[in-house]
Amino acid sequence: MMHKYKPELGIYLAEQALKMKYSDTREKQQQRTELKNFCELNSENHNMFVQYLRLQKIEINHIIIDTVLQSLPEEKRLFIEYKYKNNETFMKISMKLSVSTAQLNIWNKSVMEEIQDFMFYRITRHDTFCRKKIINMIEIMSKIILPFEENNLKQFVDTHWLKAVIYWREQYWKLLNVINDYLVQKNESVHNMVIATKLEHPNDSVTELADLCYVSPSIVSRHVTKFIHEVKPYLNE
């Protein structure tokens, strides 16, 4: 793992990032962009570079939030918008979605965990079939790495941390290549068909995938398990 953190801290950071995303405005975005560009031009100054990284992190957190929300089923996405954008109570949301408050609490915890994993640059088995999330993760990590490589500013950061970010970006590239191969070779075997179908419908249940592939649910489960084992070296968990 690149980071060791207390679960409560990770959840807190995820919630703060989500609230900041929903409270953002175009005016704030414009101000941040102008300040970030100025700091980047003067990045040889330590304080300027620290400010640049802080502003970059806000920008990255927004991308993370958008990525996670886009990967959610519609009901979960609506729940997050009602709770964090509209500041509605669990009881009101429960009535709107016809979902128990206990279930909403479970959803809230799971979404916050997804966001916290992304914020700590972790792709886990939960994300394995979310191709867009993997692509965005690689782009985010490249954004982080680029200033250090282009401007030779490695003295401003923990070199072990930077090496870890570079290492895991390469692992995620390998994972993406494996995924792309399955999509291209979908019709070459039952295994490829099941995995490619899961990649195309990441939120579908085993039963739904079985119907799409014209195989039994047990066959789907077996092939999915086999695939997870295959890509395990590329997952940060």
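The values are calculated or read from the model by the stated rules, or taken from the named source; none is laboratory data. Treat the numbers as computed from the prediction; the structure is a model and nothing was measured. Every residue, glycine among them, receives a Cβ derived from its backbone with ideal geometry; neighbour counts consider all protein chains shown. All accessible areas refer to the heavy atoms of the entire protein, side chains included, with ligands and DNA or RNA removed. Shrake-Rupley method; radii C 1.70, N 1.55, O 1.52, S 1.80 Å.
Tabulated data for the structure shown
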| item | result |
| --- | --- |
| Sorted peptide list for 135-143, 228-236, 21-29, criterion being average Cβ within 10 angstrom, highest first | 135-143, 228-236, 21-29 |
| Fraction in percent of alpha-carbon pairs per bin - 10 Å, the stretch 1-90 | 15, 36, 33, 14, 2 |
| FRET efficiency for Thr124 and Ser23, using Cβ-Cβ distance with R0 set to 30 Å, rounded to 0.05 | 0.60 |
| Residue-normalised accessible area of the chain, given per residue in Å² at a 1.4 Å probe | 56 |
| Per-residue ³J(HN,Hα) for the stretch 28-44, Karplus 6.51 cos²θ - 1.76 cosθ + 1.60, θ = phi - 60°, Hz, x for Gly and Pro | 5, 4, 5, 5, 5, 4, 5, 5, 4, 4, 5, 5, 5, 5, 10, 5, 5 |
| Nearest 10 degrees, 0 to 90: helix 131-151 Cα axis against the chain principal axis | 20 |
| Centre separation in Å (Cα based) which lies between the stretch 25-60 and the stretch 96-129 | 29 |
| Exposure of Phe38 as accessible area (Å², to 10), given a probe of 1.4 Å and all protein chains | 100 |
| C-alpha long axis of helix 46-71 to longest principal axis of the chain, angle in ° | 20 |
| Nearest-0.05 FRET efficiency for Leu146 and Asn86, computed from C-beta distance (R0 35 Å) | 0.45 |
| Distance between modelled label sites at Glu113 and Lys174, nm, 7 Å Cα→Cβ extension | 2.6 |
| The chain, helix-only ellipticity at 222 nm - DSSP H runs n ≥ 4, -39,500 (n - 2.57), divided by all residues, nearest 500 | -24500 deg cm²/dmol |
| Value of relative contact order over the chain, rounded to a whole percent, pairs C-alpha under 8 Å and six or more apart | 20 |
| Rough spin-label spacing in nm, given labels placed 7 Å along Cα→Cβ, for Glu59 and Glu74 | 3.4 |
| Carbon plus sulfur fraction of accessible area for the chain, probe 1.4 Å, in percent | 53 |
| Computed E for Asp66/Glu188 - FRET, C-beta separation, R0 30 angstrom, nearest 0.05 | 0.30 |
